[in-house]
1. Residue by residue through region 177-203, note down the ones that are more than 25 Å from Ile242 (Cα to Cα) and either basic (Lys, Arg) or modelled with pLDDT under 95 (or both).
2. Name the pairs: first residue in region 240-260 and within 19 Å of Ala41 (Cβ to Cβ), second residue among the basic types (Lys, Arg) and open to solvent by less than 90 Å² (accessible area, probe 1.4 Å), Cβ to Cβ under 7 Å, at least 6 apart or on different chains?
3. What is the residue count in region 48-61 for residues that are open to solvent by 30 Å² or more (accessible area, probe 1.4 Å) and either at pLDDT 55 or above or in contact with a helix residue (DSSP H, G or I) (Cβ under 8 Å, 6 or more places away or on another chain) (or both)?
4. Filter region 183-230 for residues that are acidic (Asp, Glu) and touching a residue at least 24 places away in the same chain (Cβ under 8 Å); which is nearest to Ile13 (Cα to Cα)?
5. For region 193-226, how many residues meet the condition of being within 15 Å of Lys155 (Cα to Cα) and among the polar types (S, T, N, Q)?
6. Would you mind stating whether Ala225 is of a type in the set (Gly, Ala, Ser), surrounded by fewer than 22 Cβ atoms within 10 Å (Cβ to Cβ) and not in a helix (DSSP H, G or I)?
7. If I filter region 194-208 for residues that are among the hydroxyl-bearing types (Ser, Thr, Tyr), open to solvent by 10 Å² or more (accessible area, probe 1.4 Å), assigned to a strand (DSSP E or B) and out of contact with any helix residue (DSSP H, G or I) (no Cβ under 8 Å at 6 or more places or on another chain), do I get at least one hit?
8. Considering region 228-245 alone, what residues qualify as being modelled with pLDDT under 95 and either of a type outside the set (Gly, Ala, Ser) or buried (at least 22 other Cβ atoms within 10 Å of the Cβ) (or both)?
Amino acid sequence: MANEHFVPALIVIDMQNDFISGSLAVPGASQIIAPINFLLALDFKLKVGTRDWHIPFASNHDGKNVFEKITIFPPTKLLKGEGNTAEDLGLEQVLWPPAKGVSFASSHDRKDAPHGGEDLVSERVLWHGHCIAGTEGAKFVEDLEVKHLQVVISKGKDDGECYSAFCDRWNLTTTDLPKTLHDSGVTDVFLVGVASDYCVKYTAIDAVRFGFKAWVVKDAVRSVARRGREWGEMESAGVGFIEKSEEVAEILKRAVSLGS
């Protein structure tokens, strides 16, 4: 892995109270705090933390049940290209008649798709309310060594989930993460945190799409489900895997010895 040009960054994904022990606790998530702290102490060029940073949204969908799926289109402002990042915009998601096989309660009013958004249908899971901006649940978990984080990327400010730390769910706008990594000359990103079948997966896949080599450290992630489908999806997208955090330390040490 270490080559003539190797500049590593660590991305710690969504290690927040609600995902560790709160309203959407990921099974076994507390067990990865120690390996993540081990990695945070290593000599990465850049160490980034991401967080969900929502406004209250679960109650905004009357007649819908938690874990039910709805289908949405991007907000009109995004389609007009107004603003560079999602947080610059006052966003409202637009509900749309469901695609085939998608549950959509009849109590929901149908709305027309915004002009230009007809092909940008996106499926959304209605999760329990979680990581509401400024609340205890949105804080990084207490034992995480946040003092090592140099940058924090907030996502999901638009009344909905933003699984990728790179861009919105429709790939219309980006967060500050791509520019932050490129400005630091990063070539390789190492991803840890929760959940490997949601935000870790989508961030890793987008990392490859944005031109980085992406590595998920398997002993420092946990998943919501046990199906394990995410690993094949990530591998197909070009994401690599490292079994143990200690292996990352060896990779960084070897890179230094090679003078990269």
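1. Step one: list which residues in region 177-203 are more than 25 Å from Ile242 (Cα to Cα), which gives 179, 183.
Lys179 - this is the single residue of region 177-203 that is more than 25 Å from Ile242 (Cα to Cα) and either basic (Lys, Arg) or modelled with pLDDT under 95 (or both).
2. Ile242/Lys218
3. Filtering region 48-61 down to residues open to solvent by 30 Å² or more (accessible area, probe 1.4 Å) leaves 51, 53, 55-56, 58-60.
Add one more test, that the residue is either at pLDDT 55 or above or in contact with a helix residue (DSSP H, G or I) (Cβ under 8 Å, 6 or more places away or on another chain) (or both), and what stays is 51, 53, 55-56.
Residues meeting the conditions: 4.
4. Step one: filter region 183-230 for residues acidic (Asp, Glu), giving 183, 188, 197, 206, 219, 230.
Filter once more, so that each one left must be touching a residue at least 24 places away in the same chain (Cβ under 8 Å): 188, 197, 206, 219, 230.
On the way: Asp188: 16, Asp197: 12, Asp206: 14, Asp219: 14, Glu230: 16 Å.
Out of the qualifying residues, it is Asp197.
5. 1
6. Working: of a type in the set (Gly, Ala, Ser): yes; surrounded by fewer than 22 Cβ atoms within 10 Å (Cβ to Cβ): yes; not in a helix (DSSP H, G or I): yes.
So Ala225 fits the description; yes.
7. Of the residues in region 194-208, the ones among the hydroxyl-bearing types (Ser, Thr, Tyr) are 196, 198, 202-203.
Next, from what is left, pick out any that are open to solvent by 10 Å² or more (accessible area, probe 1.4 Å): 198, 202.
From what is left, the residues that are assigned to a strand (DSSP E or B) are none.
Within region 194-208, none of the residues are among the hydroxyl-bearing types (Ser, Thr, Tyr), open to solvent by 10 Å² or more (accessible area, probe 1.4 Å), assigned to a strand (DSSP E or B) and out of contact with any helix residue (DSSP H, G or I) (no Cβ under 8 Å at 6 or more places or on another chain).
8. Of region 228-245, the ones modelled with pLDDT under 95 are 228-229.
Arg229, the sole residue that qualifies.
The values are calculated or read from the model by the stated rules, or taken from the named source; none is laboratory data. On a predicted model such as this, the values are computed, not experimentally measured, just so you know. Counting neighbours? That spans all protein chains shown, and the Cβs are built from the backbone with ideal geometry, glycine included. Side chains included, ligands, DNA and RNA excluded: accessible areas come from the protein's heavy atoms. Shrake-Rupley method; radii C 1.70, N 1.55, O 1.52, S 1.80 Å.
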